[in-house]
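Undergrad: Can you keep this structure in mind? I'll have questions shortly.
The values are calculated or read from the model by the stated rules, or taken from the named source; none is laboratory data. Please read these numbers as outputs of a predicted model, since none were measured by experiment. Virtual Cβ from ideal backbone geometry, glycine too; neighbours counted across all protein chains shown.
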Amino acid sequence: MPPKSGPVPGSKIDADLIRALGGAPRTASRWRAMTAGIASVGVHGFLVVLVLLFAATASHLAKPAAAPPALVMDFQSPVYAPTAALARAPDASEPAAPVAAATDAQREALQQAADRALAAIRASAAPLSLSAHRVGRLGGTSRPIQVDFVGLKASNARRIVYVVDASGSLVGSFPQIVEELRRSLMKLDPRQQFGVVFFQRGDAVMVPPGGGLQPATPEALAEAVKWIDARMIPTGRSNPLAAIEAAMRLKPEIVFLLSADITGAGEYEISERQLIEAVDRLNPKDPETGIRPVRIQCVQFLDPDPAGTLERLATDHGGADGYRYLGRSELGLDRP
């Protein structure tokens with residue numbers, strides 16, 4: 001019997017028939033399987049690399065950040081170190097000793113400038129209350145400074161104003177007043193400031209410059225005394241209120257008020273009540289502490305005052321030790 005006719009396995013006809021029926025030859029199937037395996041290995045390898053990179057990044061981010069170096073600034077011991085010096089490279093030919101000496105000199109100059117600036121700030125500070133001066137020291141200095149005027153004393157006052165009677169009734173005794181004033185002025189410390197205001201008629205006569213207090217330097221004190229000797233001549237009757245107002249505008253810590261007749265007479269006369277009320281308005285008590293901003297000490301000069309106006313004023317504004325009577329006998333004016 002003759003063999004059945006048909007395609008031979010593995011022949012081209014067999015491969016074409018398989019494709020026509022929607023299949024694939026065995027060779028193509030093996031090639032696709034191999035290609036899929038290689039692709040799978042590549043994808044998985046790529047994923048592994050991504051996982052390793054993510055783990056490394058997370059580990060780096062989890063580490064604590066290094067603390068920045070501490071910067072310490074010492075304002076108590078400033079050092080002169082200009083940044084401009086960094087721009088120039090050091091010259092090996094220059095000796096080291098002169099550079100060190102220059103640095104020391106610059107440091108000393110800077111310290112002196114800082115000291116002057118601090119002194120200026122302290123000098124411009126608002127004055128302390130007089131109650132603080134009584135128990136403290138002037139500007140933190142190691143020694144107290146005392147003001148003395150005809151026996152009245154105040155410790156550690158920085159701003160002092162003298163208000164002095166220059167009415168005509170004092171023509172014969174005015175040289176003694178000027179002498180007492182000179183003695184007090186010449187004892188002031190240069191760290192203090194002073195002003196002098198005379199009253200005659202209804203006016204306030206201020207010793208130049210007069211616009212404010214001036215430092216108690218020897219030159220300023222000598223000029224003030226020279227001006228008083230040359231210009232001040234007692235005349236007429238007087239009213240002290242304008243001079244007291246002018247003194248208070250200078251923002252003193254203590255006022256020395258000297259008069260032979262504080263309420264005056266004639267057209268310039270002022271009653272005791274008017275004077276006391278006016279000074280109370282100019283120098284009121286603090287409602288909480290009961291302390292007045294300015295201490296006013298008073299000198300009754302030449303003859304006693306039967307009304308005791310200056311003594312009452314001193315008690316209210318200057319304390320128990322804020323009054324002094326300087327009579328003719330103490331001045332040597334009652335001798336024959």
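Undergrad: Is it the case, given these coordinates, that GLU277 is among the charged types (D, E, K, R), closer than 16 Å to PHE194 by Cβ and not in a loop (DSSP other than H, G, I, E, B)?
TA: no
Undergrad: When residues of region 216-242 are filtered for being in contact with a Leu (Cβ under 6 Å, 6 or more places away or on another chain) and more than 12 Å from SER167 (Cβ to Cβ), how many remain?
TA: 2
Undergrad: Just checking, does region 128-148 include any residue being modelled with pLDDT of 90 or more, assigned to a loop (DSSP other than H, G, I, E, B), in contact with a strand residue (DSSP E or B) (Cβ under 7 Å, 6 or more places away or on another chain) and closer than 30 Å to THR263 by Cα?
TA: For region 128-148, residues modelled with pLDDT of 90 or more, assigned to a loop (DSSP other than H, G, I, E, B), in contact with a strand residue (DSSP E or B) (Cβ under 7 Å, 6 or more places away or on another chain) and closer than 30 Å to THR263 by Cα: absent.
Undergrad: Give the residues of region 316-333 that are within 20 Å of ILE291 (Cβ to Cβ) and either exposed (fewer than 15 other Cβ atoms within 10 Å of the Cβ) or touching an Asp or Glu at 6+ places or on another chain (Cβ under 7 Å) (or both), sorted by residue number.
TA: Correct list: ALA320, ASP321, TYR323.
Undergrad: Additional query: Of all residues being among the basic types (Lys, Arg) and farther than 25 Å from SER271 by Cβ in region 213-259, which is surrounded by the most Cβ atoms within 10 Å (Cβ to Cβ)? Just the residue, please.
TA: Ranking the qualifying residues of region 213-259, first place goes to LYS251.
Undergrad: Still on this structure: With respect to the numbered conditions (1) part of a strand (DSSP E or B); (2) under 36 Å from the mean Cα position of the chain (by Cα), which one is the sole condition not fulfilled by PHE199?
TA: It is condition (2) that PHE199 fails.
Undergrad: With respect to GLY266, is the statement that it is without any contact (Cβ under 8 Å) to a residue 60 or more places away in the chain and within 34 Å of the chain's Cα centre (by Cα) true?
TA: Taking the combined requirement at face value, the residue does not satisfy it.
Undergrad: Take the residues in region 218-237 that are in a helix (DSSP H, G or I) and of a type in the set (A, V, I, L, M), then tell me which one is nearest to GLY202 (Cα to Cα).
TA: My answer is ILE228.
Undergrad: Please specify each residue of region 268-294 satisfying the condition of being crowded, with 17+ Cβ neighbours inside 10 Å, out of contact with any Asp or Glu (no Cβ under 7 Å at 6 or more places or on another chain) and closer than 20 Å to LYS251 by Cβ.
TA: VAL279, ASN283, ARG292, PRO293
Undergrad: In addition: For residues that are touching a Leu at 6+ places or on another chain (Cβ under 8 Å) and among the small types (Gly, Ala, Ser), scanning just region 170-193, find the one that is nearest to GLN300 (Cα to Cα).
TA: Taking the candidates together, the pick is SER173.
Undergrad: Here are the criteria: (1) assigned to a helix (DSSP H, G or I); (2) at pLDDT 95 or above. Tell me which single one GLU267 does not satisfy.
TA: GLU267 satisfies every listed condition except (2).
Undergrad: Could you grab me the full set of residues in region 298-320 that are part of a loop (DSSP other than H, G, I, E, B) and either in contact (Cβ under 8 Å) with a residue 24 or more places away in the chain or among the aliphatic types (A, V, I, L, M) (or both)?
TA: ASP303, ASP305, ALA307, GLY319, ALA320
Undergrad: Can you list residue pairs whose Cβ atoms sit under 8 Å apart, with the first residue in region 219-236 being on the phi > 0 side of the Ramachandran plot and the second being in a helix (DSSP H, G or I)? Count only pairs 6 or more apart in sequence or on different chains.
TA: GLY236/GLY168; GLY236/TYR268
Undergrad: Any residue at all in region 232-245 that's among the β-branched types (Val, Ile, Thr), farther than 20 Å from PHE149 by Cα and touching an Asp or Glu at 6+ places or on another chain (Cβ under 8 Å)?
TA: no
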